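Student: This structure is in structure tokens; I'll ask about it shortly.
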Amino acid sequence: MHSSGADAVTEPVAVTVAVRVKPGASRARVGGRFDGPYGPALVIAVHPPAADGRATEAARRALAEALRLRPAAVSLRTGVASRDKLFLVDGADPGIDARLRQLRDGPPE
């Protein structure tokens, strides 16, 4: 017998997030929008320079922190040598889309 949706458990989801990394920033910041090759992207400014993958790693950790996830839940899918990247966020709750929209586009009016 199947139970109704009222007592169903919410399953974690995997989401691909388009990101525009701005290395060499004076301070780390997650927020803002950039219309890049993967569509509307979340801007992540990081302090490390774009050398030896340091900016990518800083962006990965900043994204995880902004989404209140452990860093291991966020992995680079594409864009190793580019400022435009796709990150895979694994095990996120279903409310992640709203959180990403708020970070990228600002609070709803």
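Student: Glu57 fails exactly one of the following numbered conditions: (1) at pLDDT 95 or above; (2) assigned to a strand (DSSP E or B); (3) acidic (Asp, Glu). What is the number of that condition?
Tutor: Just one mismatch for Glu57, condition (2).
Student: Would you pick out the residues in the range 19-52 that are of a type outside the set (Phe, Trp, Tyr), surrounded by 14 or more Cβ atoms within 10 Å (Cβ to Cβ) and out of contact with any helix residue (DSSP H, G or I) (no Cβ under 9 Å at 6 or more places or on another chain)?
Tutor: Across the range 19-52, the qualifying residues are Arg20, Ala25, Gly36.
Student: Name every residue in the range 80-96 that is charged (D, E, K, R), in a strand (DSSP E or B) and under 8 Å from Pro12 (Cβ atoms), in order of residue number.
Tutor: Once the filter is applied, which keeps residues that are charged (D, E, K, R), in a strand (DSSP E or B) and under 8 Å from Pro12 (Cβ atoms), the range 80-96 yields only Asp90.
Student: Here is a list: Leu63, Leu42. Which entry is part of a helix (DSSP H, G or I) and under 14 Å from the mean Cα position of the chain (by Cα)?
Tutor: Leu63
Student: For residues in the range 66-79 being in a loop (DSSP other than H, G, I, E, B) and of a type in the set (A, V, I, L, M), which is surrounded by the most Cβ atoms within 10 Å (Cβ to Cβ)?
Tutor: That would be Leu67.
Student: What is the residue count in the range 79-104 for residues that are under 17 Å from Ala41 (Cα atoms) and under 13 Å from the mean Cα position of the chain (by Cα)?
Tutor: Of the residues in the range 79-104, 15 are under 17 Å from Ala41 (Cα atoms) and under 13 Å from the mean Cα position of the chain (by Cα).
The values are calculated or read from the model by the stated rules, or taken from the named source; none is laboratory data. Remember, predicted model here, so these are calculated numbers, not experimental data. Neighbour counts run over all protein chains shown; Cβ positions are idealised from the backbone, glycine included.
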